[in-house]
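Trainee: Below is one structure. I have some questions about it.
No lab work stands behind these numbers, since they all come straight from the coordinates. Source: prediction; values computed, not measured. Ideal geometry is used to build each Cβ from the backbone, glycine not excepted, and the neighbour counts take in all protein chains shown.
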Amino acid sequence: MEKEIKKGTTTIGLRAKEGIVLASESRATMGNLIANKEVEKIFKIQDHIGMTTAGSVADAQALVRLLRVETNLYQIERERPINLKAASTLLSNVLQQNKYFPYWVQLLLGGYDNGPKLYSLDAVGSVIEEKVTSTGSGSPFAYGVLESRYKEGQGIEENLKLAVEALRSAMERDAMSGNNINLVKITKKGYEKVDSSKYLTK
């Protein structure tokens, strides 16, 4: 019998005036089984770049390892950090080259170089620059909050609060999304994990 893949997710990316907000919940499922309640879905790639993952956990982890190595090599060879556009192109090329045996993922790549930048990538390597986006099984519920509340140019604190509200909406309706909320902000100061509890309202 074919082994079931751990999956099920809601991830969110928001572009703020001074940086990027990345958010996710922490549940992984295999069919109707909650396989893990503490899965990491937001990864630090470099000090100025983060990535969220939705889809197959194993595929996502492999891509995180690959992107970390490739961006480290870029910095060593060129003596400067990779920019977000180049990193998204690199990741897109990897996905496109494997499109006949694809990585079963949806990815958000966000960070700060000459300003905040956010890209979404699908399993075959399509790249779209975004201002507000969500991926995974709970994304239709998250979009209900995001599209009504997001305003271009608002501050990072407002976007952190909005990300939590959108995730909570998804977690209430999507059985494959749940447990904890993980938050990250990336500004010119770098990559920083944020305590989501301060944004939880009753």
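Trainee: Given a cut-off of 25 Å, name the pairs among LYS17/LYS44; LYS85/LYS151; LYS17/LYS85; LYS37/LYS151 whose C-alpha atoms lie farther apart than that in the structure shown.
Mentor: In this structure, LYS37/LYS151 lie more than 25 Å apart at Cα.
Trainee: For a quick check: sort THR71, THR11 by the number of other beta carbons within 10 angstrom, fewest at the front.
Mentor: THR71, THR11
Trainee: Also, I was wondering about something else. With a 10 Å Cβ neighbour count serving as the proxy for reagent exposure, in which order, fewest first, do ILE45, ILE76, ILE20, ILE82 appear? List each step's numbers first, then the result.
Mentor: Working: ILE45 21, ILE76 8, ILE20 28, ILE82 24.
Fewest to most other Cβ atoms nearby, the residues stand as ILE76, ILE45, ILE82, ILE20.
Trainee: Right, something else. Based only on Cα atoms, what Rg/Rh ratio does the range 100-197 have, Rh being taken as Kirkwood's radius?
Mentor: Numbers: Rg = 14.1 Å, Rh = 14.6 Å.
For the range 100-197, the value is 0.96.
Trainee: Using only the Cα atoms, what convex hull volume per residue in Å³ does the range 11-193 have?
Mentor: That works out to 103 Å³ per residue.
Trainee: Using modelled amide H (1.01 Å from N, peptide plane; none on Pro or chain starts), what sits under 5 Å from the amide H of ALA35, excluding residues fewer than 5 places away?
Mentor: It is ALA28, THR29, MET30, by chain and number.
Trainee: To the nearest 500 deg cm²/dmol, what mean residue ellipticity at 222 nm is calculated for the chain from DSSP H runs of n ≥ 4 alone, each contributing -39,500 (n - 2.57), summed and divided by the residues? Write out the running numbers ahead of the final one.
Mentor: Numbers: 4 runs with 65 residues, N = 202.
Estimated from H runs of four or more residues: -10500 deg cm²/dmol.
Trainee: Using only Cα atoms, figure out Rg for the range 57-144 and give it as a multiple of 2.2 N^0.38 Å.
Mentor: It is 1.13.
Trainee: In the range 23-115, which GluC sites (Glu not before Pro) fall in coil by DSSP and have 16 or fewer other Cβ atoms within 10 Å?
Mentor: GLU38, GLU40, GLU79
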